[in-house]
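Notes follow once the structure below has been shown.
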Amino acid sequence: MEFRWLKQDSAAEAIVVFGGWAVGPEVFWHLEGEQDILFAREYSDLDAELPDLSGYERVSLLAWSFGVAAYAHWQQGRPDPFQRKAAVNGSLQPVSRGAGIPPAVFRRTVETLSADSYQQFLGRVFGAPQDAEALDVEARRAELLAVERRGDAPQVRFSRVWICSGDKIFPPANLARAWAGQNVSHLDAPHAPFDRFAQWEELF
């Protein structure tokens, strides 16, 4: 795992984004706001440490897709710097018949991963065909196997949870079960819903 600043202007608030598998930070670049943005990616291991964020008045977390479980695993045993946390189309049980991606679907993704299957995956993520993207197949397969090996993440309470009715990656009914009793907001959008938002603040 690595943390990388997308924007750092000595703002009053920092948002730490745990992104999704094999999708870069480009999905967030249009979002406006004065916050500094720190992006986490690549979940083959969870050894990276946050930079010193103690100078910020507020630190928020946005976790998307596999970033939700990756965050919860990463947070275990570390001090929690976040005043608020939002989860978008992800689960603390990332591979689960009833509360995540069904194991058979996940297995098929791992075993058939290729440049072509990745393009199909991106089409499902965004709800429309995407421009061709390069893929390091073995590195991304290793990342999926690490997600599977880590299994269910520790329980974490999020201040806001988003579930999108058009999600073709995590079945919305599974996410509804996974987040029962939490502060859930529903949106008619695909797995990557960020084009429905203009400001970072709207996600919290």
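Worth pointing out:
- Test: residue in the stretch 1-18 that is over 25 Å from Q76 (Cβ atoms), at pLDDT 95 or above and surrounded by 16 or more Cβ atoms within 10 Å (Cβ to Cβ): yes
- When the stretch 124-141 is filtered for residues that are among the small types (G, A, S) and either assigned to a loop (DSSP other than H, G, I, E, B) or surrounded by 13 or more Cβ atoms within 10 Å (Cβ to Cβ) (or both), the ones remaining, listed by number, are G127, A128, A132, A134.
- Residues in the stretch 186-204 that are of a type in the set (D, E, K, R) and either surrounded by 15 or more Cβ atoms within 10 Å (Cβ to Cβ) or part of a helix (DSSP H, G or I) (or both): D195, R196, E201, E202.
- Being over 24 Å from R140 (Cα atoms) and open to solvent by 20 Å² or more (accessible area, probe 1.4 Å) holds for only one residue in R84, R41, and it is R84.
The rows are residues; the columns are (1) in contact (Cβ under 8 Å) with a residue 60 or more places away in the chain; (2) touching a strand residue (DSSP E or B) at 6+ places or on another chain (Cβ under 9 Å); (3) of a type outside the set (A, V, I, L, M, F, W, C).
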{"site": "E42", "(1), (2), (3)": "yes, yes, yes"}
{"site": "D45", "(1), (2), (3)": "yes, no, yes"}
{"site": "S54", "(1), (2), (3)": "no, no, yes"}
{"site": "F66", "(1), (2), (3)": "yes, yes, no"}
{"site": "Y71", "(1), (2), (3)": "yes, yes, yes"}
{"site": "A87", "(1), (2), (3)": "yes, yes, no"}
{"site": "V95", "(1), (2), (3)": "no, yes, no"}
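- Annotation note: Cβ proximity below 7 Å between a residue of the stretch 116-140 that is closer than 22 Å to V88 by Cα and of a type outside the set (V, I, T) and a residue that is open to solvent by less than 40 Å² (accessible area, probe 1.4 Å) and not in a loop (DSSP other than H, G, I, E, B) (sequence gap 6+ or interchain) occurs for P129/G123; Q130/L122; Q130/G123.
The values are calculated or read from the model by the stated rules, or taken from the named source; none is laboratory data. Just so we're clear, the structure is a prediction, and the values are computed from it rather than from any experiment. Backbone-built Cβ (ideal geometry, glycine too); neighbour counts: all protein chains shown. Areas reflect the complete protein model, heavy atoms only, side chains present, ligands, DNA and RNA absent. Shrake-Rupley method; radii C 1.70, N 1.55, O 1.52, S 1.80 Å.
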